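The structure appears below as structure tokens.
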Amino acid sequence: MTYAVAELKTGDKIGKATVVIDIIKKGNPEIRPCTSMKPQYVTIHNTGNRGKGANAKAHNHLIHNLAGKPIRETSHVSWHVAIDEDYIYIHIPFNETAWHCGDGAKGNGNSKSIGLEICMHSDQKSYDQAEENAIALTVHLMRYYNLSAKDVRPHQDWSGKYCPELILRRDGTFAKYRARVDAAHQIAVSANKNTGKKGDANIMQFTSSTTKSAVRDELVQFVGKGLIDKSWLDKFDKGDMTNGDYDGLKVIVNQRLATTK
């Protein structure tokens, strides 16, 4: 079986992260089962590891170390991708299952979903950027495997575990995070179609009112925190905001947030 990573390669940029493809070796089925899979979902996790230095590279080292151990020294624990603010490490091919959802060999989480682990270490430079990188990768996977926002699931859906814990604790439910993914997906699709009202302006297009509301709510928060001028919200409400405008605003917001930390 030829391994597949959605046509990504080491050095690619997803969000603000650099992709590193470092597939673990075969041999321990408790870490890399080598069972064929056609992805139907993307599952979002937080690593649960608050230790200093527990970034994507560290988790890559960890899973490689586990893969090299005999079965008697491991348990059924693995994941496809580890993500932080700087890197996206891919350890297990996307056309193979992994043990990341706690729902057994035949559960839809383990057997049909790609597991993304978002790092949450105590000395992290920007957890928010790690989430944005995870969203960007999720959008890439949605487009590559023809998935929709409803196919993006929290770990909690499969086994009841309170994960992704930081997202669930902050937002109360997974719905807000999924709406962010949906909004980013709609923007990517719109940009690809290169449609717009004003020549090459590439005006933002939405296929659902829910997605449009999610983007507007985000802009309202930015205005309320003094991160952007209200004129940008007015531009959005008039239907004049382009995908480039929106992407640029997010860069500005991230820069301003970074300077206030």
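Every condition in (1) under 18 Å from K176 (Cβ atoms); (2) at pLDDT below 85 holds for A214 except the one numbered (2).
Is it the case, given these coordinates, that E132 is under 19 Å from K250 (Cβ atoms), open to solvent by 10 Å² or more (accessible area, probe 1.4 Å) and either among the acidic types (D, E) or in contact (Cβ under 8 Å) with a residue 60 or more places away in the chain (or both)? Here the answer is yes, as E132 does meet what is asked. Taking residues in region 1-27 that are closer than 23 Å to D128 by Cβ, and partners anywhere that are of a type outside the set (D, E, K, R) and open to solvent by 60 Å² or more (accessible area, probe 1.4 Å), the pairs with Cβ atoms closer than 8 Å and at least 6 places apart or on different chains are A17/Y87; T18/Y87; V19/T10; V19/Y87; V20/T10; V20/Y87.
L137 fulfils the conditions (1) under 16 Å from T47 (Cβ atoms); (2) open to solvent by 60 Å² or more (accessible area, probe 1.4 Å); (3) outside any loop (DSSP other than H, G, I, E, B) except for a single criterion, (2). Checking the structure you have, find out if any residue of region 45-59 is more than 24 Å from Y162 (Cβ to Cβ) and either of a type in the set (F, W, Y) or open to solvent by 40 Å² or more (accessible area, probe 1.4 Å) (or both). Yes, there is a match, as at least one residue in region 45-59 is more than 24 Å from Y162 (Cβ to Cβ) and either of a type in the set (F, W, Y) or open to solvent by 40 Å² or more (accessible area, probe 1.4 Å) (or both). Beta carbons closer than 7 Å, at least 6 apart along the sequence or on distinct chains, pair a first residue in region 181-198 that is at pLDDT below 80 with a second that is surrounded by fewer than 22 Cβ atoms within 10 Å (Cβ to Cβ) and assigned to a helix (DSSP H, G or I) for S190/N243; A191/N243.
Take I63 and decide whether it is assigned to a loop (DSSP other than H, G, I, E, B) and modelled with pLDDT of 95 or more. In short, no.
State all residues of region 167-183 that are open to solvent by 10 Å² or more (accessible area, probe 1.4 Å) and touching a helix residue (DSSP H, G or I) at 6+ places or on another chain (Cβ under 7 Å); if no residue qualifies, say none. Don't jump to the end; show me each part of the working.
Filtering region 167-183 for residues open to solvent by 10 Å² or more (accessible area, probe 1.4 Å) gives 169-176, 178-180, 182.
Residues satisfying the conditions are D171, F174, R178, A179, R180, D182.
Suppose we filter region 22-44 for residues that are open to solvent by 40 Å² or more (accessible area, probe 1.4 Å) and part of a strand (DSSP E or B); how many remain? Qualifying residue count, region 22-44: 1.
Is it the case that D12 is open to solvent by less than 50 Å² (accessible area, probe 1.4 Å), acidic (D, E) and farther than 30 Å from I252 by Cα? When the stated conditions are applied, D12 does not pass them. List every residue pair whose Cβ atoms sit under 6 Å apart, with the two residues 6 or more apart in sequence or on different chains, where the first one lies in region 55-67 and is closer than 14 Å to H121 by Cα and the second, anywhere, is small (G, A, S). The qualifying pairs are A56/A82; H59/A82. Might you let me know whether region 116-126 holds any residue that is open to solvent by 10 Å² or more (accessible area, probe 1.4 Å), within 12 Å of V42 (Cα to Cα), out of contact with any Phe, Trp or Tyr (no Cβ under 8 Å at 6 or more places or on another chain) and not in a loop (DSSP other than H, G, I, E, B)? The answer is no; no qualifying residue exists. Being open to solvent by 40 Å² or more (accessible area, probe 1.4 Å), in contact (Cβ under 8 Å) with a residue 24 or more places away in the chain and not in a loop (DSSP other than H, G, I, E, B) is a description that does not apply to R72. Looking across region 140-150 at every residue that is assigned to a helix (DSSP H, G or I) and open to solvent by 20 Å² or more (accessible area, probe 1.4 Å), the one that is nearest to S113 (Cα to Cα) is identified as Y145.
The values are calculated or read from the model by the stated rules, or taken from the named source; none is laboratory data. Since the structure is predicted, the reported quantities are computational estimates derived from the model, not experimental observations. All Cβ positions, even for glycine, are placed from backbone atoms using ideal geometry, and neighbour counts span all protein chains on display. Surface accessibility is based on the protein's heavy atoms, side chains included, excluding ligands, DNA and RNA. Shrake-Rupley method; radii C 1.70, N 1.55, O 1.52, S 1.80 Å.
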